[in-house]
1. If you go through the stretch B:343-377 one residue at a time, how many are modelled with pLDDT of 80 or more and either aromatic (Phe, Trp, Tyr) or at positive phi (or both)?
2. Are any residues in the stretch B:79-89 outside any strand (DSSP E or B) and either at positive phi or near ligand 1 (Cβ under 7 Å from one of its atoms) (or both), and if so, which ones?
3. Has the stretch A:73-82 got at least one residue that is free of Cβ contacts under 8 Å to residues at least 40 places away in the same chain, assigned to a loop (DSSP other than H, G, I, E, B) and loosely packed, with under 11 Cβ neighbours inside 10 Å?
4. Specify the residue that is farthest from the other protein chains (Cβ to nearest Cβ); the eligible residues are those in the stretch B:172-193 that are within 16 Å of ligand 2 (Cβ to nearest atom) and over 16 Å from the mean Cα position of the chain (by Cα).
5. Looking for whichever is of a type in the set (Gly, Ala, Ser), more than 24 Å from A:Met220 (Cα to Cα) and crowded, with 16+ Cβ neighbours inside 10 Å here; the options are A:Ala85, A:Ala118. Which one fits?
6. Among the residues of the stretch B:48-75 satisfying the criterion of being touching a strand residue (DSSP E or B) at 6+ places or on another chain (Cβ under 9 Å) and near ligand 1 (Cβ under 6 Å from one of its atoms), which is farthest from B:Ile91 (Cα to Cα)?
7. Can you pull out the residues in the stretch B:354-372 that are touching a Lys or Arg at 6+ places or on another chain (Cβ under 8 Å) and in contact (Cβ under 8 Å) with a residue 60 or more places away in the chain?
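The values are calculated or read from the model by the stated rules, or taken from the named source; none is laboratory data. No experiment lies behind these values; they were computed from the predicted model shown. Quick reminder, even Gly has a Cβ in these numbers, built from the backbone with ideal geometry, and neighbours come from all protein chains shown.
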Amino acid sequence: MSFLDNKIPLGHWVESGLDFLTEEYSSVTRTISDVTENAIFGLNDLLFDIRPELLIVVFALLAWKVGYWRKGLFAGNWRLGVFTAVGFALIYNLGLWDSMLESFTLVLFATVVAVALAVPLGILAALYEGMYRIIMPVLDFMQTMPAFVYLIPAIPFFGIGPVAAIFATVIFSMPPAIRFTTLGIRQVPTQLIEAADAFGSTKAQKLLKLQLPMAVPTMMAGINQTIMLALSMVVIAAMIGADGLGGDVWKAIQRLQPGKGFEAGLAVVILAMVLDRMTQKLGQAKRQSK
Amino acid sequence: MPKIRVRSLSKVFGNNPTPALKLRDKGLKRPEILEKTGMTLGLSKIEFDVNEGELLVIMGLSGSGKSTLIRCLNRLIEPTEGSVEINGQDIVKLDNKGLLRFRRETFGMVFQHFALFPHRTVLENTEYGLEIQGVDKGSRAKKGLEALQLVGLEEWADAYPDQLSGGMQQRVGLSRALAADPDILLMDEAFSALDPLIRRDMQQELLDLQTRMKKTVIFITHDLDEALNLGDRIILLKDGEIVQEGSPEEILTHPANRYVERFIEGVDMTRILTANAAMTPARAIGYLNDGPRTVLHRMRENGMDRMLITTRERKLCGLVEADVLNEAVKRGDRRIQDLLITDLHKVSEDEPLNNLFPLFDERSYPIAVVDEQDRLKGVVVRGSLLAELAQAATVESGQKDNKQAQPEGEHIV
Ligand SMILES: Nc1ncnc2c1ncn2[C@@H]1O[C@H](COP(=O)(O)OP(=O)(O)OP(=O)(O)O)[C@@H](O)[C@H]1O
Ligand SMILES: [Mg+2]
C-alpha cells in the first residue's frame, strides 16, 4: 500500500478546528447571532407594517433620484424610477412581496457588514505590501471555493437561520469590495502622491484627503459587485433557513413547480436590476457633481 | 550665510549604494557603474549655494539628474550621502516630524504636469498646504484666495482643475505652492508642458512675482531660452554631475565644454547677448575740467577724432569732435563744457544686443554703456558689435561654416 493511499485527514482537521472555535466562542457567536437576528426581524417587521403601495412609491422615488441630489429638483433617472415602480408592483401582484422584503433586508445587512470589513482590509492591502501579499491569495481562495461550502460552517457557529445566511453571504461577497478598494487607492497617480508628500502630508492625511476620495468611484464599483454577489448568495442561503425569495425558489424545486420557480426567479432578477442600477449611479454621482 | 547650501550630495538608485560610490571615487562614470553594479548613479558630489532671493536654474538633458536633485532638497528622494543645509540646518539629518515641518513651512513645489488634485476645487487645491497644517477654515480660505489673486484666478476658485486650460492649471499649481508663504519655491520643469506663448507669459509672471515676493527659487528646465530668461545663475548638469555653473552670460560666452556648447547651439544670440559682451573699454577719455588743448592733445596721441568726456567720477557728460576743439583753441576758449554733444545713446550693461542696432545712426557715434549712477563702463562701436555677432553665429552653426556667418552678420547692419 502506497503512502498516497493514506488519506490525509484534512476534512477532520477542519472539523476539529471548527468544533474548537464553536465551543470556545459559542457565547460570542450566540450574542452576535441574537443581536443580528433581532435587528433583522425588527427591520422586516417595520417594512411589513408599511403599506406596500407607499413602499413602492418610496423605492421608485429613491431609484429616480439617486445620484441626482445636487442637480435640481426635477432631475433624475426617469426610466429607472418607472421600472422600479412597475417591477415592484409585479412582485406584489405575484404574492412575493414579503419574500422580496426579507431578501432585501438580508442583502442590506450582509452588504453593510461586508463593506465595513472590506474597506479597512482593502486600505491595508493598498498601503502595505506585506498585507497585500497575504490578503490577495486569501481572496482568490474565497472566490474560487464553491459558495455552498460556506453554508456548512455557518450553521455550527450561528445555527440555522438568517444570521448563518448573512455570515456565509458576507464571506462570499466581500472579495470584490476589498479588491476594488485596494485598486482604487493604488490607482492614484504617483505624481499626486508626490505632491501631497511635498506639502508635508502625514500618511493619514494622504489617505483621507487624497487616496480615499479619489478611490471612491472605484470602490463603489466594487460595492456594486458585492451587492450582486450578496443577492445571489442570499438566494442560495435559503438552504440553511434564510427566508426570502430563495425560500420560494427552493420550495418550487422540491415540489417540482416550474411556474412558481420562474415567478420567484423573476422577482430576484427585478430586485437585482434595481439594486444594480441604483448603486452604479451612486458610484458615478461624485464625478458628475461639478 | 546662503539660504541653501548643498555639499557633496550624491544619490545612488538601488539597494546597495556602497560599491557604486567606491567605483565613483575611483573615477568611473555613470554608465560603467551601472554595468558593473546594476545601480544608477543619479547624482554625484553636487555642491552649490543659493542666496536668499536668488533664482537658480538647473539645466540639463533628459536623465541628467535634475528631478533627482530638486527632490533631494526636500527629501522626496533620500540622498545617499552629503548634506542639504537650509538656513544653516541640515535637513538630511531631520527626523520625520522635523522633515514634515520643513516641507510645510519652508518649501513650495510646482510640478511639470501640475499634479492638481482632481477631486478638489481650485480653491481647495490652493488651500491644501494650509489645510494639512491645521489652519482653520476661515483663514485658510482667505489666504487661499489671496494666493489665487496673485496669479489672477480668484474668479475660478470654485471650478475644478479639469475645467481650466493648461496655463491656468499651472497658475493654480503656483498659487498652491505660494499659499503657505514658503521661503523656497521648487519648480520642476514647471512650464515645460505649456505651449510657447503661454510659457513666455508664465516666465514673465514668475519674474514679476519674484521681484515682488523675493522668494528663493530653484527652477528646473531643459530649455536654454527659458534658463537664460529666468536665471540669475545657471547650473548645468550632465550624468548627475555639475559641468558648469555661472551667470547666463558666462555660460553663453565661455561654454565649459562641448556638452555646454551643444546646449547653446541654435540660440538666438542677438536676443540673449547683452551690451556687456560687445562692449570695449573706452580707449581714452577726456575730463570735463580739462581744457580744449589737453583734450585735443590726447586725441592726437591716440589717433582719435572724437572723444568721450566724463567727470572725475567717470560720470558721462558727452562727446566732443576734434575739429570743434580746433576752432575753440583758435578762439581761445578755455572750457569744453559748451562744445559737448550730449544726445548720445546710453544703455545699461544688460541691454540685449539686438536693441542696439537701431541706435546706430548716420553720425555713427559709439553707444555708451553706463551703470545705474551714469558712470561710463565702456562703449559699443559698430565694429565690435559685428565681431560679437559673427562669433555668436559661429557657435550657433556648430563652427562648421563660420566663413558664411561673417558676411551675413555684416549684412544685418
Ligand atoms: N527611482 C529610480 N530608480 C532608478 N533609477 C532612477 C530612479 N529615478 C531616476 N532614476 C535614474 O536617474 C537618472 C536621473 O533621473 P532624473 O529623473 O533625475 O532625470 P531628469 O534630469 O529629471 O530627466 P528628465 O528631463 O527626463 O525629467 C536617470 O538615469 C534615471 O533613469
Ligand atoms: Mg525630470
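1. Final tally of qualifying residues: 2.
2. Filtering the stretch B:79-89 down to residues outside any strand (DSSP E or B) leaves B:79-80, B:87-88.
Listed by number, the residues that qualify are B:Asn87, B:Gly88.
3. Step one: list which residues in the stretch A:73-82 are free of Cβ contacts under 8 Å to residues at least 40 places away in the same chain, which gives A:73-76, A:78-79, A:81-82.
Checking the rest, the ones that are also assigned to a loop (DSSP other than H, G, I, E, B) come to A:73-76.
With the extra rule that they be loosely packed, with under 11 Cβ neighbours inside 10 Å, the set shrinks to A:73-74.
Taking every residue of the stretch A:73-82 in turn, at least one turns out to be free of Cβ contacts under 8 Å to residues at least 40 places away in the same chain, assigned to a loop (DSSP other than H, G, I, E, B) and loosely packed, with under 11 Cβ neighbours inside 10 Å.
4. So in the stretch B:172-193, the residues within 16 Å of ligand 2 (Cβ to nearest atom) come out as B:173, B:186-193.
Subset that is over 16 Å from the mean Cα position of the chain (by Cα): B:173, B:192-193.
Values: B:Gly173: 9, B:Ser192: 14, B:Ala193: 12 Å.
Result: B:Ser192.
5. On the way: A:Ala118 fails: more than 24 Å from A:Met220 (Cα to Cα).
None of the other options fit; the residue is A:Ala85.
6. So in the stretch B:48-75, the residues touching a strand residue (DSSP E or B) at 6+ places or on another chain (Cβ under 9 Å) come out as B:48-61, B:64-75.
If we keep only those that are near ligand 1 (Cβ under 6 Å from one of its atoms) too, we end up with B:60, B:64-68.
Working: B:Gly60: 25, B:Ser64: 23, B:Gly65: 20, B:Lys66: 19, B:Ser67: 18, B:Thr68: 16 Å.
Looking at residues that are touching a strand residue (DSSP E or B) at 6+ places or on another chain (Cβ under 9 Å) and near ligand 1 (Cβ under 6 Å from one of its atoms), I get B:Gly60.
7. Filtering the stretch B:354-372 down to residues touching a Lys or Arg at 6+ places or on another chain (Cβ under 8 Å) leaves B:354, B:360, B:364-365, B:367-371.
B:Asn354, B:Ile367, B:Ala368, B:Val369, listed by residue number.
So that you can scan it fast, the table gives a plain yes or no per residue for (1) in a helix (DSSP H, G or I); (2) within 16 Å of ligand 1 (Cβ to nearest atom); (3) away from chain A (no Cβ under 14 Å); (4) acidic (Asp, Glu):
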site: B:Met1; (1), (2), (3), (4): no, no, yes, no
site: B:Arg5; (1), (2), (3), (4): no, no, yes, no
site: B:Gly27; (1), (2), (3), (4): no, no, yes, no
site: B:Glu32; (1), (2), (3), (4): yes, yes, yes, yes
site: B:Glu35; (1), (2), (3), (4): yes, yes, yes, yes
site: B:Ile46; (1), (2), (3), (4): no, yes, yes, no
